[in-house]
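A.B. asks: Let me give you the structure first, and then I'll get to my questions.
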Number of protein chains: 2
Amino acid sequence: MSSASASEPETGEILPDWVRPIVKESLSERAYRELRVALMRGQLRPDTRLRLRPMSARFGISATPMREALLRLVSEKALALDARGSVVVPRLALDQLLEIRAIRTDLEGRAAAAAIASTAAEIDALEAIHAQISQCHASRDFARAVNLNTEFHLSLCRLGGMPILYEIVKLLWVRCGPILSHLYDDGVPDWEPHPHRRIIDALRHGDSDAARDAVREDIERGGSGLFAHVRASPAG
Amino acid sequence: MSSASASEPETGEILPDWVRPIVKESLSERAYRELRVALMRGQLRPDTRLRLRPMSARFGISATPMREALLRLVSEKALALDARGSVVVPRLALDQLLEIRAIRTDLEGRAAAAAIASTAAEIDALEAIHAQISQCHASRDFARAVNLNTEFHLSLCRLGGMPILYEIVKLLWVRCGPILSHLYDDGVPDWEPHPHRRIIDALRHGDSDAARDAVREDIERGGSGLFAHVRASPAG
DNA sequence: GCCCGATGTTTGTTATAACAAATTACATAC
DNA sequence: GTATGTAATTTGTTATAACAAACATCGGGC
């Protein structure tokens, strides 16, 4: 999704190009989206301070839209405010990671169960993502595997056809973004069959219970590499 | 409302109470909170336009913090942007209401199951809220009953001890705020025993399954009065 | 009556400046 | 060396202004 909307109109569309939806993206929204993908890709380390004016200078915009973008991510808990009011990349606590996993168990499980209504083509696309993941595992390209794993889960979630649930789950993934690059620090799990495969098979057979259970197992048993990068539960 | 800020631990605080943290609330945060309680109380009707400058004049602040407050609520989907970019109170679609109920079933159910760890005093407080609700039903004070019902669900949710889940559920309730005043349009359900009572009893007996089931039934069977105030599903 | 165009107003967006509080730098005293 | 006090800078916050686009108002013409 890099450079999703170019400013210059492109040529060679089938539809008459004058009916193309006009995307009038504000500066604050563009900064928001760029920061969010940076977070999701693990390009922002925990405890990094995002100071307002240096940031707006880097983005080439003024302080007002920059502040809007930062505060929006703060409101989504993808970023946080320290005691001074500065925006920082938050460091996840153990409690929070466990809670996020529990919530994902419920929501992604429900989405997977609802996703049995997907078309064969949609399930094929999901399988294609998993095939790429397997390739990355084989070639030890873990950085790409992490992003593909995220894409797999979010794609599955979207197949559930529940937009509100999907947005919630996406927020949870963004919150985990800064530590997500350590997903495979424990090595590649060698479960057989891989939970992703069980999910895909369950979808193909229209077995909603199996799909839900497979997702839950994937969430509960996976991600052990993350625990080394969370704070101990904050006092209390 | 008594549930405004995150309640400090009432008991067992070591520091003297005069060292309580100084809350330095910014103008935008104050406006945000006031707008949110207005939404949750149903004081803002769907399709109401919240224009920037008139709003900031009403709040006695400038456009910048007012815009931050409005955009924050937009980011939470408690408000929306129309085609012009104006902030409006969104009108819930049937799909969305059903989806929110499904998500609440999962999350509030999990919170209720976790809430069996609550103290007797906490459960007493929950029961006190339900007693007030019963009183309001008897005296036909539906406006207050609606707010108390919200407070019951959110209090139960908070007892689950899962802050992230609690925040998500609260967002879902805020999104329903504008139509929540019609909760009893169908009349007062006369289930016996009331699901709230089954929840309380289950918590007292430490029966997490029963607590979860009771909450789910409360969500699934209740709120029928809301359906008359949602849009038909948008094209699809 | 309706339609159409000019024109003021209001809208959202962005940039900039003013302000206080916090932080840093640095010189001075011990 | 450490400690301290002061000036300079940077921070977040808020207000205000400039701008274009959308909207509303109010004409005249039919």
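A.B. asks: Can you work out which of the residues in region B:50-62 that are more than 9 Å from DNA strand C (Cβ to nearest atom) and closer than 17 Å to B:Leu39 by Cβ is surrounded by the most Cβ atoms within 10 Å (Cβ to Cβ)?
C.D. replies: Here the residue is B:Phe59.
A.B. asks: A follow-up question, please. Are any of the residues in region B:154-161 in a loop (DSSP other than H, G, I, E, B) and within 14 Å of another protein chain (Cβ to nearest Cβ)? So that I can check it myself, show each step before the final result.
C.D. replies: So the first thing to find is which residues in region B:154-161 are in a loop (DSSP other than H, G, I, E, B), and the list is B:160-161.
Remaining after also requiring within 14 Å of another protein chain (Cβ to nearest Cβ): B:160-161.
Yes, some residue in region B:154-161 is in a loop (DSSP other than H, G, I, E, B) and within 14 Å of another protein chain (Cβ to nearest Cβ).
A.B. asks: Kindly indicate whether B:Leu172 is within 14 Å of chain A (Cβ to nearest Cβ), open to solvent by less than 20 Å² (accessible area, probe 1.4 Å) and more than 11 Å from the chain's Cα centre (by Cα).
C.D. replies: Values: within 14 Å of chain A (Cβ to nearest Cβ): yes; open to solvent by less than 20 Å² (accessible area, probe 1.4 Å): yes; more than 11 Å from the chain's Cα centre (by Cα): no.
Criteria not met by B:Leu172.
A.B. asks: Mind telling me which of the residues B:Pro9, B:Pro21, B:Pro65 ends up being within 14 Å of another protein chain (Cβ to nearest Cβ), within 13 Å of DNA strand C (Cβ to nearest atom) and modelled with pLDDT under 90? Before the answer, list the steps.
C.D. replies: Values: B:Pro9 fails: within 13 Å of DNA strand C (Cβ to nearest atom); B:Pro65 fails: modelled with pLDDT under 90.
Testing whether each residue is within 14 Å of another protein chain (Cβ to nearest Cβ), within 13 Å of DNA strand C (Cβ to nearest atom) and modelled with pLDDT under 90 leaves just B:Pro21.
A.B. asks: Among the residues of region A:49-62, write down those that are outside any helix (DSSP H, G or I) and within 12 Å of DNA strand D (Cβ to nearest atom).
C.D. replies: Across region A:49-62, the qualifying residues are A:Arg49, A:Leu50, A:Arg51, A:Ser62.
A.B. asks: Next question. If I ask for residues that are in contact with a helix residue (DSSP H, G or I) (Cβ under 6 Å, 6 or more places away or on another chain) and within 13 Å of chain A (Cβ to nearest Cβ), which ones from region B:111-131 would you list?
C.D. replies: Hits for region B:111-131 are B:Ala111, B:Ala112, B:Ala113.
A.B. asks: Regarding region B:131-140, can at least one residue be identified that is away from DNA strand C (no atom under 16 Å from the Cβ) and closer than 21 Å to B:Val174 by Cβ?
C.D. replies: Applying the first criterion (away from DNA strand C (no atom under 16 Å from the Cβ)) to region B:131-140 yields B:131-140.
Right, trim to closer than 21 Å to B:Val174 by Cβ and you get B:133.
Yes, the conditions are met somewhere in region B:131-140.
A.B. asks: Further question: Can you pull out the residues in region B:212-236 that are open to solvent by 70 Å² or more (accessible area, probe 1.4 Å) and not in a helix (DSSP H, G or I)?
C.D. replies: Selection gives B:Arg231, B:Ala232, B:Pro234, B:Ala235, B:Gly236.
A.B. asks: Next up: Which is under 19 Å from B:Leu107 (Cα atoms) and either in contact (Cβ under 8 Å) with a residue 12 or more places away in the chain or out of contact with any Ser or Thr (no Cβ under 7 Å at 6 or more places or on another chain) (or both), of A:Arg198, A:Arg212? Give the steps one after another, and end with the answer.
C.D. replies: Numbers: A:Arg198 fails: under 19 Å from B:Leu107 (Cα atoms).
Only one candidate passes the filter, namely A:Arg212.
A.B. asks: Considering only residues that are within 20 Å of the chain's Cα centre (by Cα) and surrounded by fewer than 20 Cβ atoms within 10 Å (Cβ to Cβ), look in region B:63-78 and name the one that is nearest to DNA strand D (Cβ to nearest atom). Before you say what the answer is, go through the steps one by one.
C.D. replies: Taking region B:63-78 and keeping what is within 20 Å of the chain's Cα centre (by Cα), we get B:69-78.
Then drop every residue that is not surrounded by fewer than 20 Cβ atoms within 10 Å (Cβ to Cβ), which leaves B:74-77.
Values: B:Val74: 17, B:Ser75: 16, B:Glu76: 18, B:Lys77: 22 Å.
Per the stated criteria, the residue is B:Ser75.
A.B. asks: Based on this model, can you work out whether B:Arg45 counts as within 16 Å of DNA strand D (Cβ to nearest atom) and more than 11 Å from every other protein chain (Cβ to nearest Cβ)? Steps first, please.
C.D. replies: On the way: within 16 Å of DNA strand D (Cβ to nearest atom): no; more than 11 Å from every other protein chain (Cβ to nearest Cβ): yes.
Here the answer is no, as B:Arg45 does not meet what is asked.
A.B. asks: Exactly one condition in (1) out of contact with any strand residue (DSSP E or B) (no Cβ under 6 Å at 6 or more places or on another chain); (2) away from DNA strand D (no atom under 16 Å from the Cβ); (3) not β-branched (Val, Ile, Thr) is false for A:Gly85; which is it?
C.D. replies: The one condition A:Gly85 does not meet is (2).
A.B. asks: Check A:Ala102, A:Ala93, A:Ala114 and return the single one that is more than 13 Å from DNA strand D (Cβ to nearest atom), of a type in the set (A, V, I, L, M), open to solvent by less than 60 Å² (accessible area, probe 1.4 Å) and in contact with a Gly (Cβ under 9 Å, 6 or more places away or on another chain). If you could, list the steps in order and put the result at the bottom.
C.D. replies: Details: A:Ala102 fails: in contact with a Gly (Cβ under 9 Å, 6 or more places away or on another chain); A:Ala93 fails: in contact with a Gly (Cβ under 9 Å, 6 or more places away or on another chain).
Going through A:Ala102, A:Ala93, A:Ala114 in turn, the sole match is A:Ala114.
A.B. asks: Out of (1) within 25 Å of B:Arg33 (Cα to Cα); (2) open to solvent by 20 Å² or more (accessible area, probe 1.4 Å); (3) of a type outside the set (Gly, Ala, Ser), what's the single condition that is false for B:Asp124?
C.D. replies: (1)
A.B. asks: Any idea which of B:Ala112, B:Ala143, B:Ala117 is assigned by TED's automatic domain parsing to the domain that holds B:Pro195, modelled with pLDDT under 95, more than 16 Å from DNA strand C (Cβ to nearest atom) and within 25 Å of B:Ile199 (Cβ to Cβ)? Give the steps one after another, and end with the answer.
C.D. replies: Values: B:Ala112 fails: modelled with pLDDT under 95; B:Ala117 fails: modelled with pLDDT under 95.
Being assigned by TED's automatic domain parsing to the domain that holds B:Pro195, modelled with pLDDT under 95, more than 16 Å from DNA strand C (Cβ to nearest atom) and within 25 Å of B:Ile199 (Cβ to Cβ) holds for just one of B:Ala112, B:Ala143, B:Ala117, which is B:Ala143.
A.B. asks: Check B:Asp82 against each of (1) within 14 Å of another protein chain (Cβ to nearest Cβ); (2) over 30 Å from B:Asp218 (Cβ atoms); (3) surrounded by 14 or more Cβ atoms within 10 Å (Cβ to Cβ) and name the one condition it does not meet.
C.D. replies: (3)
A.B. asks: So, in region B:136-145, exactly how many residues are open to solvent by 10 Å² or more (accessible area, probe 1.4 Å) and part of a helix (DSSP H, G or I)?
C.D. replies: Filtering region B:136-145 for residues open to solvent by 10 Å² or more (accessible area, probe 1.4 Å) gives B:137-144.
Add one more test, that the residue is part of a helix (DSSP H, G or I), and what stays is B:137-138, B:142-144.
Of the residues in that region, 5 qualify.
A.B. asks: Still on this structure, I have one more. In region B:183-211, how many are under 18 Å from B:Cys136 (Cβ atoms), open to solvent by 40 Å² or more (accessible area, probe 1.4 Å) and either at pLDDT 90 or above or of a type in the set (Val, Ile, Thr) (or both)?
C.D. replies: Looking only at that region, the number is 2.
The values are calculated or read from the model by the stated rules, or taken from the named source; none is laboratory data. None of the values given here were measured: they were computed from a predicted structure. Please note: Cβ atoms are built from the backbone with ideal geometry, for glycine as well, and neighbour counts cover all protein chains shown. What goes into the accessible areas is simple: the full protein's heavy atoms, side chains included, and nothing from ligands, DNA or RNA. Shrake-Rupley method; radii C 1.70, N 1.55, O 1.52, S 1.80 Å.
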